[in-house]
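Here is the structure we will look at.
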Amino acid sequence: MPLYAQFRTQKLTMNPNIKGFFYIAIGAASYGILATFVKYANNNDLDTAGLVFSQYLFGAMVLSIISLFLAKEVKQQKRKQLTSKHPRLKLLLFGTSLGFTSSFYYLSIQYVPVSVAIILLMQTIWMGVILEFFLARHLLNRTKIVGALIAIAGTLLAAKVFESDLTVNLTGIGFGLLAAVSYTATMYASNKVALELSIITRSKYLVYGGFIIVLLFWNVQILESISWIVFLKWGTFLGFFGTILPPILFNKGFPQIGTGLGSIIASLEIPVSVFSAYIILDENISTLQWLGIAIILLSVVLINLKQVKRV
């Protein structure tokens with residue numbers, strides 16, 4: 001085969017992987033900036049209830065409109081034999097974890113810095129290993145267990161546990177860990193539930209479930225804090241980067257490059273969140289925190305090492 005033909009063939013086979021890489025990287029970066037801007041809005045006297053409600057309302061509206069334009073594809077999908085019973089209902093139920101994740105995460109940053117809250121959220125790294133132990137024990141191995149322990153060690157550094165100026169806020173830590181539990185369920189749903197449905201359909205029902213929980217969770221507080229200005233100014237921004245872009249990009253990217261490599265790229269959310277908090281909120285990030293973040297990223301690579309080797 002001529003050299004040019006070899007290069008062309010190699011280029012064509014690499015394209016899906018490159019696209020998948022950028023899909024997940026952009027989705028992770030989108031998630032990463034959310035907490036910083038929510039805290040910025042909180043510092044400007046905007047209530048969290050109105051912000052999170054606006055985020056999910058905008059996301060639900062836009063995904064519903066997009067699905068209308070894809071109605072023909074949905075009809076064809078209904079004719080296909082589904083591999084699971086009641087896939088939309090399952091997505092709706094798992095979508096509740098999406099609403100809990102946002103609610104707990106945004107509550108956490110009211111008590112702890114964003115750089116600490118994102119570390120608490122990403123405890124889903126080792127929580128995912130525990131979930132795998134109960135659901136698919138045969139996939140668990142010594143490398144994943146060691147990786148989970150390394151993630152915990154990195155967390156202790158990144159959360160300033162060993163620094164003299166540490167001020168522990170149990171409320172913020174509690175909300176952060178609850179967000180991590182919810183996020184673990186969300187990641188499971190994104191990779192395992194109703195994969196036979198289209199990307200838009202899956203994203204739409206997950207957001208619907210999240211929207212229902214946001215309504216129930218914040219209830220009366222929404223009426224006290226919502227306004228058209230909040231919806232138009234903040235709901236569109238948070239909705240686009242929090243409930244529209246990441247689910248679509250993740251659902252496109254993960255099938256192309258696999259869960260293992262995808263999880264490593266998705267951990268980009270941590271440095272993006274910390275760096276944006278440093279730039280916009282002027283949060284002080286110590287050398288030990290950066291070291292802890294690097295250790296956490298290393299643990300993500302270690303946990304997914306076997307899957308990456310297969311790729």
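A Förster distance of 30 Å, applied to the separation of the beta-carbon atoms of PHE69 and ASN191, puts the FRET efficiency at 0.70.
For the stretch 226-240, backbone nitrogen atoms closer than 18 Å to the point 7 Å from ASN43 Cα along Cα-to-C-beta are found at 234, 238. Compared with the alpha-carbon gap, the fully stretched path from ALA294 to ALA153 is longer by 49.7 nm at 0.36 nm per residue. Ordered by the number of other Cβ atoms lying within 10 Å of each residue's own Cβ, fewest first, ARG202, ARG142 fall into the sequence ARG142, ARG202. The modelled label-to-label distance between ARG88 and ASN141, using points 7 Å beyond Cα along the C-beta direction, is 4.1 nm.
Efficiency by 1/(1 + (r/R0)^6): what FRET value for ILE18 and SER198, r their Cβ-Cβ distance, R0 = 25 Å, to the nearest 0.05? List each step's numbers first, then the result.
Numbers: r = 23 Å, r/R0 = 0.92.
Efficiency at R0 = 25 Å is approximately 0.60.
Of the cross-linked pairs LYS19/LYS144; LYS39/LYS192; LYS39/LYS90, which ones have a Cα-Cα span greater than 30 Å in the structure shown?
Working: LYS19/LYS144 27 Å; LYS39/LYS192 32 Å; LYS39/LYS90 32 Å.
Long pairs (Cα-Cα over 30 Å): LYS39/LYS192; LYS39/LYS90.
Taking label points 7 Å from Cα along the Cα-to-Cβ direction, PHE134 and LEU177 give a separation of 1.6 nm.
Ranking ASP47, ASP282 by Cβ neighbours within 10 Å, fewest first, what do you get?
Working: ASP47 17, ASP282 7.
If I rank by nearby Cβ atoms, fewest first, I get ASP282, ASP47.
Readers should treat all values here as calculations from the given coordinates under stated rules, not as data from a laboratory. Computed from a predicted model, the values in this text were never measured in an experiment. Because the Cβ atoms are built from the backbone with ideal geometry, glycine has one as well, and the counts that use them run over all protein chains shown.
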